[in-house]
Amino acid sequence: QVQLVESGGGLVQPGESLRLSCEAAGTIVNLAAMYWYRQAPGKQRELVAAITSGERATYATSVKGRFTISRDNAKNTVYLQMNSLKPVDTAVYYCNGAVVVRLGSVPQSYWGQGTQVTVSS
């Protein structure tokens, strides 16, 4: 059983920062690629950032230069540092991970429950 647990969401004003965390708990051999998605009301879920096991990061154009994804493999945790937040960043943010649960097995996809980020003055 694997769970991805997000934390760090909240209400901030435009221009402020938040740091989201996603910790993978359970029977884990290692984490492969990890992702942050977001879904705003009435919109489709979109990929915000991704990081490979080798720590290569990619970003959606809308957040490039403002958001930074990182990971701590020793803690089975991935982070999303969000700076210069804008009202359009308001959404539920979800962590998604490819998790290896047994030696030699292929990674399986797991989702967190989501954390609300609201940017408003």
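The values are calculated or read from the model by the stated rules, or taken from the named source; none is laboratory data. Model, not experiment: these values are computed from the prediction. So basically every Cβ, Gly included, is an ideal-geometry build from the backbone, and we count neighbours across all protein chains shown. Quick note on the areas: whole protein, heavy atoms, side chains included, nothing else; ligands and nucleic acids left out. Shrake-Rupley method; radii C 1.70, N 1.55, O 1.52, S 1.80 Å.
Laid out as a table, the results:
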read-out: Output for the range 105-115, where each listed residue is assigned to a strand (DSSP E or B), open to solvent by 70 Å² or more (accessible area, probe 1.4 Å) and over 14 Å from ARG45 (Cβ atoms); value: GLN108
read-out: ARG71 surrounded by 11 or more Cβ atoms within 10 Å (Cβ to Cβ) and basic (Lys, Arg); value: yes
read-out: Elements of type strands (runs of 3 or more DSSP E) in the range 1-65, at least 2 residues being among the aromatic types (Phe, Trp, Tyr) and either loosely packed, with under 13 Cβ neighbours inside 10 Å or touching a residue at least 40 places away in the same chain (Cβ under 8 Å) (or both); value: 30-39
read-out: Residue in the range 49-57 that is closer than 30 Å to SER121 by Cα, modelled with pLDDT of 95 or more and not basic (Lys, Arg) present; value: yes
